[in-house]
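Comments concern the structure below.
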Amino acid sequence: MVEKILANLEKSNCATDNTFLQAVSEVLSSLEPIIKSDPRYEQFAILERLVTPDRIIQFKVQWLDDQNRVRINNGYRIQFNNALGPYKGGLRFHPSVTTGVLKFLAFEQIFKNSLTGLPLGGAKGGSDFDPKGKSDFEIMKFCHAFMRELHPYIGARVDVPAGDIGVGSREIGYLFGEYKHITRNYDGVLSGKPYAFGGSLMRPQATGYGAVYFAREMLFQELQESLEGKVCTVSGAGNVAIHTIEKLQQLGAIVVTCSDSDGTVYDPKGINLSIVRELKESGRRRSLSEYTQWVLEAVYTPKTEYPENAHAVWQIPCFAAFPCATQNELTFSDAQKLIQNGCVAVVEGANMPTLPDAIELLQQEGILFAPGKASNAGGVAVSEFEMSQNASMEKWDFDKVDRKLDELMRQIYKRVALTAKEYGVERNFVDGANIAAFKRVAEAMLLEGV
Ligand code: NDP
């Protein structure tokens, strides 16, 4: 049955949708054992419906750059499944954005949101707009133009977008400003808003902190280990990576790497986060190559020096590795290197950063592998906390949000680990996450009818 669905999906999707097919294939292979356990799944075509997006919205975004030239980009919103609640998922602004990439991200989001136990459906959107090198004014004009096209399709109880690659609180602020301007409606239609007007404390930190909370719980429960004093490697230098590094350092770990699309920094004494922030968070994002001007012991490896293996982060020995940049960044040979170097855990902060054959190898070798749909769910969880605060006109303090996030990440770990055990695949957190998430969504779909 699973093979038939995959074959049909391959026929009906373009060749460029391979990341989507990769994501579906991983989920469906985990579900094979439970599909037969309940005849209603087949009778009500739950799998076929689950792999088909509710709707794909595509629009033209036209805006003027600082030289008053007309610029045109593609904009998208993919509303995949709202069985559990309003559509929810980030917006990505990056030149690599296509419907295929967004379909994979929206599909993953259904399962991630289900694992949180919160009432959220799955969606994703974005544009092939490249924010790099754009002035603040150009970013604002692009965001306003994007929202002019997107606003009819979203709403606090319909679809609540958030940030992702290239979209932080500055962009969410501009998007919200235009939404309010057009609709005159001050509701929680976006999450990740600046704190000054409706944002939640801790939303910027949530994904990274959540990944570390998940890692801490997993390491403690499975190996009776802690992160204190351990060498960790992190890839990326954006929102998720920065807050993963911050929380790891707060827990006493020594984080020795970070990376961007140009290369990798290896700082054996521990990454100096204030320098990374200075480079990446102040206005136009600058290259990490400048890091070594401040820290003389640090090594910078540009990607071009390693044409056959551009993944210098994973060459560095570590106790735990945190891929936090982008999809498919950790390959089979990276996994081999991590194993050789004695790594005990890989915890995904990004969405689907590890290739399927690399996951298989890590699992075979007994490395604890935390899939992003479980370990990076902290961001969407705090987005839901923001929605709750907006709806009740309340403001929660930092400690309250932090406590709730920590508790929620522990619950996700527990749900995933127990489900894996229940289905005879103990410590396979990929299968545990897929099965636990599927059961909740499928039940809602069955109860709601066709
Ligand atoms: P950001 O845009 O803040 O940062 C992305 C980082 O990854 C940047 O440092 C960027 O480099 C680097 N990067 C991008 N593409 C590549 C590449 N091909 N090779 C190496 N490095 C690359 O995004 P986020 O931190 O928000 O997102 C990172 C990941 O986490 C994504 O997979 C996203 O989907 C996922 N995620 C994000 C959530 C959130 O709350 N923001 C929630 C859950 C998941 P450069 O600086 O050069 O652009």
## Note on the structure
E448 meets each of (1) crowded, with 17+ Cβ neighbours inside 10 Å; (2) in contact (Cβ under 8 Å) with a residue 24 or more places away in the chain with one exception, condition (1)
### Query
Going through the stretch 248-269 one residue at a time, which ones are of a type in the set (S, T, N, Q) and more than 7 Å from the ligand (Cβ to nearest atom)?
Q249, Q250, T257, T264
### Query
From the residues in the stretch 270-289 that are part of a loop (DSSP other than H, G, I, E, B) and at pLDDT 95 or above, which one is nearest to the ligand (Cβ to nearest atom)?
I271
### Query
Within the stretch 83-133, restricting attention to residues that are basic (K, R), within 9 Å of the ligand (Cβ to nearest atom) and part of a strand (DSSP E or B), which residue is farthest from V240 (Cα to Cα)?
K124
### Task
Mind counting the residues in the stretch 40-77 that are touching a helix residue (DSSP H, G or I) at 6+ places or on another chain (Cβ under 9 Å) and not in a strand (DSSP E or B)?
14
### Query
Exactly one of (1) outside any helix (DSSP H, G or I); (2) over 24 Å from the mean Cα position of the chain (by Cα); (3) surrounded by 15 or more Cβ atoms within 10 Å (Cβ to Cβ) is unmet by S37. Its number?
(3)
### Query
W63 versus (1) more than 27 Å from the chain's Cα centre (by Cα); (2) not assigned by TED's automatic domain parsing to the domain that holds F104: which is the lone unmet condition?
(2)
### Query
Taking into account only those residues within the stretch 201-225 that are surrounded by fewer than 23 Cβ atoms within 10 Å (Cβ to Cβ) and among the hydrophobic types (A, V, I, L, M, F, W, C), which is nearest to the ligand (Cβ to nearest atom)?
L201
### Message
Residue under question is V27, and the condition is that it be of a type in the set (A, V, I, L, M, F, W, C) and within 18 Å of I359 (Cα to Cα); does it hold?
### Response
yes
#### Entry: Candidate set from the stretch 226-247 (those that are among the charged types (D, E, K, R) and not in a helix (DSSP H, G or I)); member that is farthest from the ligand (Cβ to nearest atom)
E228
### Query
Among the listed residues L91, L50, L21, which satisfies the condition of being crowded, with 17+ Cβ neighbours inside 10 Å, of a type in the set (A, V, I, L, M) and modelled with pLDDT under 95?
L21
### Query
among the charged types (D, E, K, R), within 22 Å of L418 (Cα to Cα) and assigned by TED's automatic domain parsing to the domain that holds F220: does that describe E329?
no
### Summary
Of the residues in the stretch 270-294, those that are among the aromatic types (F, W, Y) and farther than 19 Å from V313 by Cβ number 1
### Task
Only residues in the stretch 218-241 that are at pLDDT 95 or above count as the first member; pair them with residues that are near the ligand (Cβ under 7 Å from one of its atoms) and of a type in the set (A, V, I, L, M), Cβ under 6 angstrom, at least 6 apart or cross-chain, and list the lot.
V234/A241; S235/A325; G236/A325
### Query
For the stretch 165-197, how many residues are away from the ligand (no atom under 15 Å from the Cβ) and either of a type in the set (F, W, Y) or assigned to a loop (DSSP other than H, G, I, E, B) (or both)?
11
### Yes/no for L248 being in contact with a helix residue (DSSP H, G or I) (Cβ under 6 Å, 6 or more places away or on another chain) and either surrounded by fewer than 20 Cβ atoms within 10 Å (Cβ to Cβ) or in contact (Cβ under 8 Å) with a residue 24 or more places away in the chain (or both)
yes
### Message
List the helices (runs of 4 or more DSSP H) inside the stretch 310-415, counting only whole elements, that have at least 3 residues being within 15 Å of the ligand (Cβ to nearest atom) and not β-branched (V, I, T).
### Response
372-375, 378-392
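The values are calculated or read from the model by the stated rules, or taken from the named source; none is laboratory data. None of these values were measured; they are calculated from a predicted model. Please note: Cβ atoms are built from the backbone with ideal geometry, for glycine as well, and neighbour counts cover all protein chains shown.
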